[in-house]
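Q: The following block contains the structure, expressed as structure tokens.
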Amino acid sequence: MVLVDAREMPSDLPPVQRDESKNPCADLWERTRSEARANGARDGDARRQADVARAACESERSVTPTPTSFAPSPCLGDQLGRQAPAADSDAVYVYFPCGDAEPSAAGLRAFERSLEPGLTVEQKATTLVSWLLGGPGETERARGYLAPDPVAAEHIASVEWSGGALRIDLAPGIEQTAPWSSATFSTGFLAAMEQTLFQLDEVTTVELSIGGECRRFSELVEFGPECVVSTRESTG
Amino acid sequence: MKRRALAQAPGKIVLGILGGLLLALAVQPAIAHQYGSSSSYDDHLGIYDSLYWPGNYGQAYNGYRIFLSPAHHWSGWKHGCSGYTEDLNMVAVAQEAAAGAGYDLAHRGYYVRVGAADPDDNVRRSNSFGTDRHIALHSNGSTNNGPACQGKAGGTRSFYYRSSSGWESPNGKALAEQLRLRVGAGSPGAPDLKSSSRLYELRTTSAPAAYLEAEFHDWAPGETWLIDYETWSWRIGWAVDMHLGYP
Ligand SMILES: [Zn+2]
Ligand SMILES: [Zn+2]
């Protein structure tokens, strides 16, 4: 329901009380701009000078925080994604993003697992999804891999496969198992999921839902009200 | 009311809305619903986008319209260290970047609209506003339990649109790169430029768009910096000015 429109904000909002000690360079911006204009500069050039002056002042006066660098995640040293195993092998790979080093398939790391022989497509897919949601082991998590809480693996409601389309329905409550709405997490997880599930030759598309509603999953990950359908072609 | 107080007193604001204090709220930024779209909060009754016309701030209009779309998650509020709430803090960031203290977008001559609705509604409004550049404003998380403050990552992440076949929005990428450079240089962690084919506000806006994850709210230095938005929100205006060549 859209009842909302826009309102012009008055220019006479009550003055915001500011902690001047935190903004020792803010006045410099205003001063630089008006001095440059008084000297005949066009406003754009005056603003450019003001920005440069303020940024320099802020790093000098330590308004800009001292950069904290994370020690590189140990997982960065792990082997990258590998070739899919031979079709007659029971070995498969489950992929996890190493931190947010690169949320694309190329940056995922592969973990070898083996599927029991003789499983149906649905059973194989269910196993892969439970590994994806369960995340890598504690040792590997400590190496910096991003994954939902292990309890997420208990939220698989159903996995259906027909005509190449794989539909994974997750149980409500899955929302609380990961920072799903952060762009770093959602893009990393989706890339890992696609890389993992498309190892199954029988799978051409993957759709995720929560409580039977695909919209509920796609809105959770900020991808929009339409269903998220991954296709083999668009993965890589 | 101090904007800082606004960001830290969510209960008060929600009560204000419920209590029908619409007049008082008319000059306050709009707040996203706490419990997700499926809740009764979703009618957004009495919540308005904010428009900032540069003429009201004594500035000449430079010909560009900017739409700021602060975090308003379909699935409800997201939290980080020390009681941080992304959906409240990023509204405050948007207001500060739009018309804060003089070095903001309106004072730079931009006509600014700050969206108050769900992302799909915000995109519709942005598209009908004739937006030249659209910026979604968020903070990031790497671990499930944000309030436990045990994040594994830090730094600004600035996203632009890249299709699955590899097409990139040139202006979206250039805008995201400026946000990475200007906002990222002010944030405590190491900044990075990222792409996505999926994020709704990157793939459905008519205008070139960027999706800013300003810092990680489940990492203590990131969260401390995020709530100190008065010191860094001007960098959004700086990024836009750099990207558009100081019109
Ligand atoms: Zn809403
Ligand atoms: Zn967000």
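Nothing in this text is a laboratory measurement; each read-out follows from the coordinates by a stated rule. Since we're looking at a predicted model, the values are computed, not measured. Positions of Cβ are backbone-derived with ideal geometry, glycine not excepted, and every protein chain shown enters the neighbour counts.
Q: Out of B:Ser158, B:Ser197, B:Pro221, whose Cα points farthest toward the positive end of the dipole of region B:140-247 (charges: +1 Lys, Arg; -1 Asp, Glu; placed on Cβ)?
A: Selected residue: B:Ser197.
Q: Radius of gyration and Dmax for region B:47-244's Cα atoms, expressed in Å?
A: Cα-based Rg and Dmax for region B:47-244 come out at 15.5, 47 Å.
Q: Over 20 Å between Cα atoms: which of B:Lys78/B:Lys152; A:Lys22/B:Lys194; B:Lys152/B:Lys194 fall into that group? Walk me through the numbers on the way to the answer.
A: Numbers: B:Lys78/B:Lys152 17 Å; A:Lys22/B:Lys194 30 Å; B:Lys152/B:Lys194 17 Å.
Too far apart for the 20 Å limit: A:Lys22/B:Lys194.
Q: Still on this model: Counting pairs of alpha carbon atoms under 8 Å apart in space and at least six apart in sequence, what relative contact order in percent does region B:158-222 give?
A: Values: 99 pairs, mean separation 28.2, N = 65.
Normalised by residue count, the contact order of region B:158-222 is 43 percent.
Q: Still on this structure: A:Glu202 to A:Ser69: FRET efficiency via 1/(1 + (r/R0)^6), r the Cβ-Cβ distance, R0 51 Å, to the nearest 0.05? Write out the running numbers ahead of the final one.
A: Numbers: r = 45 Å, r/R0 = 0.88.
Between A:Glu202 and A:Ser69 the formula returns 0.70.
Q: Hey, another quick one. Mind checking region B:152-229 for chymotrypsin sites (Phe, Trp or Tyr not before Pro) that DSSP puts in a loop (not H, G, I, E or B) and that have at most 16 other Cβ atoms within 10 Å?
A: Numbers: sites: B:Phe159, B:Tyr160, B:Tyr161, B:Trp167, B:Tyr200, B:Tyr211, B:Phe216, B:Trp219, B:Trp225, B:Tyr229; in loops: B:Trp167, B:Trp219.
For chymotrypsin sites (Phe, Trp or Tyr not before Pro) across region B:152-229 that sit outside H, G, I, E and B with at most 16 neighbouring Cβ atoms in 10 Å, the list reads B:Trp167.
Q: Simple spin-label model, 7 Å along Cα-to-Cβ: B:Ser82 to A:Arg31 in nm?
A: About 3.0 nm separates the two model spin labels.
Q: How large is the charge dipole for region A:148-236, taken about the Cα centre, if only the Cβ atoms of Lys, Arg (+1) and Asp, Glu (-1) carry charge, to the nearest 20 debye?
A: Details: 4 positive and 14 negative charges, 13 e Å.
Roughly 60 debye, rounded to the nearest 20.
Q: Expressed as a rounded percentage, what relative contact order does chain A have, with Cα pairs under 8 Å and six or more residues apart?
A: On the way: 351 pairs, mean separation 33.3, N = 236.
Value for chain A: 14 percent.
Q: Give the residue from A:Tyr93, A:Ala125, A:Leu170 lying farthest towards the positive end of the charge dipole for region A:74-235; charges sit on Cβ (+1 for Lys and Arg, -1 for Asp and Glu) and the dipole is referred to the Cα centre.
A: Farthest towards the positive end: A:Tyr93.
Q: What is the dipole size for region A:74-235, taken about its Cα centre, with +1 at each Lys and Arg Cβ and -1 at each Asp and Glu Cβ, in debye to the nearest 20?
A: Values: 10 positive and 24 negative charges, 49 e Å.
Around 240 debye, computed over region A:74-235.
Q: Related question: For region B:136-230, report the convex hull volume of the alpha-carbon atoms normalised per residue, in Å³, without decimals. Don't skip to the end; give the middle numbers.
A: Values: hull volume 9.3 nm³, N = 95.
Hull volume over Cα atoms, normalised by residue count, gives 98 Å³.
Q: Write down the radius of gyration of chain A and its Dmax, each obtained from C-alpha positions, in Å.
A: Rg, Dmax (Cα atoms, Å): 25.2, 81.
Q: Would you compute, from DSSP H runs of 4+ residues alone, the mean residue ellipticity of chain A at 222 nm, taking -39500 (n - 2.57) per run and dividing by the full residue count, rounded to the nearest 500?
A: Details: 6 runs with 72 residues, N = 236.
For chain A, the value works out to -9500 deg cm²/dmol.
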